[in-house]
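Read the figures in this text as sums done on the coordinates, not as results from a lab. Here the structure is a predicted model, which is why all the values come from computation and not from measurement. Note that each Cβ is placed from the backbone with ideal geometry, even for glycine, and that neighbours are counted across all protein chains shown.
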Amino acid sequence: MKEIYISVVKRLAELPKLIKDKQSENLKIDREINDKDYWKKKQENAIKSEIFSETLENGKKAFTNETLRNDEFLTRSEKNTEYQETLKEFNLSQEVKKALEVELNCLYNEFSAIKYTIRVYELMADLDSNGTRGRS
């Protein structure tokens, strides 16, 4: 039982650094998401601006209502390879963020569980030292 206790204590000592490293990764991916979101929105605005300002030969707006503009935006954005690449990178970064959050929560949970496990070991040791354990 002492070997298990020692290994649990060692793991507890390792966890703060692992948690800190995951938090750093999480902050880095947050910055990447913000950067990709900025470029994604900039490209969306450029496409929408083109659509909004497009006119027919007679000078009237080519896309006169929101539904037409939205449909045209979808068409153009699907054909725009730069936008599609940015969107793909943005979505991938969000998936990485979700996975990092799960890993970080697991580390927090492990940390808490080990703290409680150590407390149980300490209580059992106290009972053994007081001679109260194992008596009926």
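Miscellaneous remarks
- Separation of the Glu101 and Ile19 label points, Cα + 7 Å toward Cβ, nm: 1.9 nm
- Residues whose amide H falls under 5 Å from that of Phe63, counting only those 5 or more places apart or on a different chain, are absent, with hydrogens built in the peptide plane.
- Counting 0.36 nm for each residue step from Trp39 to Lys115 and taking away their Cα separation leaves a gain of 22.9 nm.
- Too-long pairs where the Cα-Cα distance tops 28 Å, listed order kept, from Lys60/Lys88; Lys40/Lys98; Lys41/Lys98; Lys40/Lys61; Lys17/Lys97; Lys48/Lys88: Lys60/Lys88
- Furthest towards positive pole of dipole, Tyr38, Pro16, Val96, structure part the chain, Cβ charges: Pro16
- Here the calculated FRET efficiency for Glu89 and Val9, from their Cβ-Cβ distance with R0 = 41 Å, stands at 0.45, rounded to the nearest 0.05.
- Evaluated with a Cβ-only charge set (Lys, Arg +1; Asp, Glu -1), segment 2-130 carries a dipole of roughly 220 debye about its Cα centre, given to the nearest 20.
- Scaled radius of gyration (Cα, divided by 2.2 N^0.38 Å) that the chain gives: 2.01
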